[in-house]
Amino acid sequence: MNDNWKKKFSTAACKTRPSPVRELLKVIKQPGMISFAGGMPAPEVFPIEQFAEGAEKLVSDGATMLQYGTTEGYDPLRNFLNQWTAPRLGRELSLDEILITTGSQQVLDLFAWVMIDPGDVVIVEDPSYMAALTTFYNHGAQFASVPVDGEGMDVSKLPALIESLLKEGKKPKFIYTIVNFQNPAGSTMTLERRRELAEIADRYDLAIFEDDPYGYVRFDGEHLPSIFSFDKAGNTVYAGSFSKILSPGVRLGWVSGSKSIIRQMAIFKQSTDLCSSSISQVLTYEYCRKGYLDAHLPNIIKNYRMKRDAMEESFRKHLAPQGITWVKPEGGFFYWLNTGGIDSDELARKALEKKVAILPGASFCLNPEAGIHAARVNYTYSQPDVIEEGVTRLAQAIQEMKLAAR
Ligand SMILES: Cc1ncc(COP(=O)(O)O)c(C=O)c1O
């Protein structure tokens, strides 16, 4: 049969690209494969029994759970989140300042609908979350980037970048930042930089998208206030997610911000999915209402800290002697390796032959040259003995590449 579809596709469909992570997820299902590639929570930390308790609600309030909900989300869950996030956001928000979404991935898309016209410039961190870059790209964004170091986005480079864009007549639309345990770089923006970023955005009248799915998964050090809390002008939206602190399967996230941006995102959500799942929202609210979320966070943190430490030890043993360097993350899901002189694309291919999957850096980087010597490695999904075995295989792959290059 002739495939007639392709010639009918939209310009956007012809331009978009599949996610390398989603594509790789198909390969890593092979038996014996060790995956450091995805960003998946550990299955053993899912609070299955406590979450299942909420199912009683199906009997007492099945009419709500099985019905369409409002586009803005289930009010009790919105109220809960407004209270729960108040310490981080600096104040308790009102109901019309929060929208429940289908994962925080949907916030990226709704925000792009509201903010991006084709050709608009968005300032992003380099490296950055691949699926955010793709979403903005699908909406026609052009990118300007600021490098990330061990202290998050190098905010000192922002004013010169903005000035040069303004000189070219390109006023950037917004700045996208992952402040805590950045995906993929693992680093966290310092307090000083957060303040400075809010101040720069205010000075140039730029919006900020603060993406924070990992913020509550902190192993070491103190929680830091959000950029949202420093922004007195109301130009920041804060996106949160249940994916890393409860379950990605519930597909629930949220966005907090000023009424007008929240309202406009809700209008786009009306035509995107009408509303997020009522079943998920009620079950998640029941779980949160009973205090289970707060009680569960220490379990997640303990589990992931133990795995982060296991990976740190394996790296020191096997990768440090190979000249590989890294910054130890204080939380979140990822290590970002500097592979030195080794091409990370080739390394990822070689590692796959040894049945260990990592993600090469290039697809996270605006400047692919920068990503060619970097790789993202996840530690939350595998057990410590599997981590040790996977890192051993990675070290063997590196050694073989070095030998072959001689
Ligand atoms: C930085 C960042 N933002 C957003 C998301 C989307 O998460 P979800 O849609 O599961 O809430 C992810 C997922 O890994 C992420 O790493």
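The values are calculated or read from the model by the stated rules, or taken from the named source; none is laboratory data. Quantities reported herein were computed from a predicted structural model and do not represent experimental measurements. Because the Cβ atoms are built from the backbone with ideal geometry, glycine has one as well, and the counts that use them run over all protein chains shown. Just the protein is used for accessible areas: all its heavy atoms, side chains included, with ligands, DNA and RNA removed. Shrake-Rupley method; radii C 1.70, N 1.55, O 1.52, S 1.80 Å.
Here are some notes:
- Computed from the alpha carbon atoms alone, the convex hull of the chain holds 172 Å³ per residue.
- Cα-based Kirkwood hydrodynamic radius, the stretch 50-171, one decimal, Å: 17.9
- The GNM of the chain, with springs linking C-alpha atoms under 10 angstrom apart, assigns the highest mean-square fluctuation among 156, 229, 344 to 156.
- When each of 170/259; 307/328; 317/355; 350/402; 244/307 is checked by Cα-Cα distance, pairs over 23 Å: 170/259
- For the stretch 159-222, the alpha carbon positions stretch 43, 21, 16 Å along the principal axes, listed from largest to smallest.
- Share of carbon and sulfur in the accessible heavy-atom surface of the stretch 35-165 [1.4 Å probe, %]: 56
- Relative contact order (%) - the chain, alpha-carbon pairs under 8 angstrom, separation at least six: 23
- Think of each Lys and Arg Cβ as +1 and each Asp and Glu Cβ as -1; about the Cα centre, that makes the dipole of the chain roughly 880 debye.
- The stretch 153-236: trypsin sites (Lys or Arg not before Pro) in DSSP coil with no more than 16 other Cβ atoms inside 10 Å: 170, 232
- Mean residue ellipticity at 222 nm, helices only, the chain: -12500 deg cm²/dmol; runs of at least 4 DSSP H residues each add -39,500 (n - 2.57), and the sum is divided by the number of residues.
- Fraction of accessible area attributable to carbon and sulfur, the stretch 199-309 (%, probe 1.4 Å): 52
- Working note: Karplus 6.51/-1.76/1.60 with θ = phi - 60° gives the stretch 83-91 the couplings 6, 5, 8, 3, x, 6, 8, x, 6 Hz, where Gly and Pro are set to x.
- For the stretch 1-115: relative contact order, % (alpha-carbon pairs under 8 angstrom, 6 or more apart): 14
- Of all stretches in the chain that contain no chymotrypsin sites (Phe, Trp or Tyr not before Pro) in a DSSP loop with at most 12 other Cβ atoms within 10 Å, the longest one is 69-406.
- With protein chains left intact and a 1.4 Å probe, residues in the chain average 44 Å² of accessible area per residue.
- Positive minus negative residues near residue 126 (Lys, Arg vs Asp, Glu; Cβ under 12 Å): -3
- Across all directions, the average projected area of the convex hull around the alpha carbons of the stretch 270-406 is 11.5 nm².
- Exposed-loop-free span, longest in the chain, where GluC sites (Glu not before Pro) count as exposed if DSSP calls them loop and at most 15 other C-beta atoms lie within 10 Å: 223-406
- Share of pairwise Cα separations in the stretch 127-252, more than 24 Å, in percent: 27
- Trypsin sites (Lys or Arg not before Pro) restricted to the stretch 1-77 and DSSP loop, no more than 14 other C-beta within 10 Å: 29
- Listed residues 60, 19, 278, most fluctuating in the chain (Gaussian network, C-alpha, under 10 Å): 60
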